[in-house]
Amino acid sequence: MSTSEETANQFVQLLRRFIRVRPKLVFPDEHVASLRQQMQDLRNEASSNPEDRWFLFRIMEVLTRSETPPTMGELGAELGIPQSSATRMADGLVRAKFATRCADNHDRRIVRLCLTDHGRQFIEMGMDHVKQQVVQLLDHLSSTEQDQLLRLITKLIDSAQEQKQ
């Protein structure tokens, strides 16, 4: 049996997976004022193309889970977009101070995109906010229902991931 807190942690991990698989279906709630302002700033970076907005958040998700910061080519390949689009969106993240360009440790000709502390705090704040909302929702379910929900959502995401491949 899992507690609401443990289930919320698992759900947040599933949410991160779900964003990668189906990014248009999930977006963090904007009730926290500072989070709202940062999101607005990030949206303004991609104001010319609504599709870019989703990719900006997906890029940040890639940066949080990457052991080695990606190059623009690697980022484009991960997201299934052209390298030029990845570079343009990375420019917006750099301007917003969520990311920075950093040199490769082994080859100074290679430029990678690194998440800044500000970017990491932004992602953590957003995920913490989502987690708190999930805890409130899960408190209305029994532990058995929470377990069933996690199992079903995991199955749904696994199915969506299989379709993507």
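Rule-based calculations on the coordinates, nothing more; no lab input. As the structure is a prediction and not an experimental result, all values here were calculated from the model. Cβ coordinates were reconstructed from backbone atoms using ideal geometry, including for glycine residues, and neighbour counts include every protein chain displayed.
Observations on the structure shown:
- Full extension of the chain between R151 and V111 gives 10.4 nm of extra length, using 0.36 nm per residue less the Cα-Cα distance.
- Approximating the spin labels as points 7 Å out from Cα along Cα→Cβ, the E6-to-L137 distance works out to 2.1 nm.
- Interchain or long-range residues, amide H under 5 Å from A99's placed H: V94, T116
- Relative to the globular-protein estimate of 2.2 N^0.38 Å, the Cα radius of gyration of the stretch 88-165 stands at 1.65.
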